[in-house]
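**Q** Before I ask anything, let me first share the structure, which is written out below as structure tokens.
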Amino acid sequence: MARKRIGELLLEQRAISVAQLEAGLAAHRKSGQRLGATLVAQGAITEATLAGALSQALGMPQVDLAALTPEWAAVHLLRARFCEQHELFPIALESVGGRRQLVVAMSDPLNVTAVEEIEFTTGLKVSPRVAGLSAVRSAILRYYHKVPVAAAGAAGTAPAPAARPTSVKPPPAAPARNVPPLAKAAPPPEDDEEVIVGEELPPGEATQRTSLAELIRAREEQRKQRREQAAAKPKPASGGGVLDDLDYLFGQAREDPDRVEELERKFWALMRIMARKGLLSKEEFTRELDDEGEG
């Protein structure tokens, strides 16, 4: 997935001006709302413009959630709270090259954090689609909470929260029983990450967590290259190192190359998630995982 930010893509597409981006960034930092939703709320762009610009820039298909019926097998793979938090909705399961993938409609397809968590928890590769924020929220209400939502608001020409009869904002500690708050509030403490790919941040900002996440990505690529180089060589009777750790961690035996690749993908996704949430330090990573054969 492209590692650009929404503001950068919109500027490249000439959907917004530099002044509009700066105003959006200022409001985004105060509210905690995603930049795309902030620009829509300010009237700089419409949801349709935002979705179209993202679809064109990323070469990613755009879907009309109001016009399709999702597969329940896909809907049941994700929890409503997770979908609300990341403003996405699962719509189908598809098979590509003999492997199953989860098709997910996303208002922010650059949200790599959400994609990695889905892939780790479901064990399926995510195939993202672009959708408007109002359409995503309407689908969550309709299919998770069984709340009828008028299709008129799905196109998204105005800020979504103001158009809903259920948009009364409950206190943070006591959310509504049947319908969760639709307005995007500030992220909860557990998701208060320094960097979220897909949102604009001050130029050059870097933190220990993001530095560790990048280090883990680099180690992942090194492991992948070594595994590919060793694929043509005769395999020893018994393995060792990270693959044995993966077998123990996920309770699965190494049966074929596809299974090994799936286990390694889960493992490295877990490492990146832990690093971004501050649950893993660089010292712990290098001491426990990075000391065998890296020197």
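**Q** Using per-residue counts of other Cβ atoms within 10 Å, averaged over each peptide, order 267-273, 85-91, 142-148, 120-126 from highest down.
**A** Going from most to least packed, we get 85-91, 267-273, 120-126, 142-148.
**Q** Report, in cubic angstrom per residue, the convex hull volume of the C-alpha atoms of region 35-91.
**A** Here the figure is 105 Å³ per residue.
**Q** First measure r as the distance between the Cβ atoms of A27 and L279, then evaluate 1/(1 + (r/R0)^6) with R0 = 45 Å and state the FRET efficiency to the nearest 0.05.
**A** Calculated value: 0.90.
**Q** Turning to a different aspect of this structure: Pick out, in residue order, every one of the trypsin sites (Lys or Arg not before Pro) in region 18-103 that is DSSP loop and has at most 12 other C-beta atoms within 10 Å; say none if there are none.
**A** Passing both the DSSP loop test and the Cβ count: R79.
**Q** Can you tell me which of 111-118, 6-13 comes out highest on packing, and rank the rest after it, using the mean Cβ neighbours within 10 Å?
**A** Ranking, from highest mean packing down: 111-118, 6-13.
**Q** Report, in listed order, any pair from K4/K266; K30/K224; K125/K282 with a Cα-Cα distance greater than 29 Å.
**A** The pairs that break the limit, which is 29 Å between Cα atoms, are K30/K224.
All of the numbers you see were taken from the coordinates with simple rules; none came from a lab. Values in this document were obtained by computation on a predicted structure and should not be read as measured data. Every residue, glycine among them, receives a Cβ derived from its backbone with ideal geometry; neighbour counts consider all protein chains shown.
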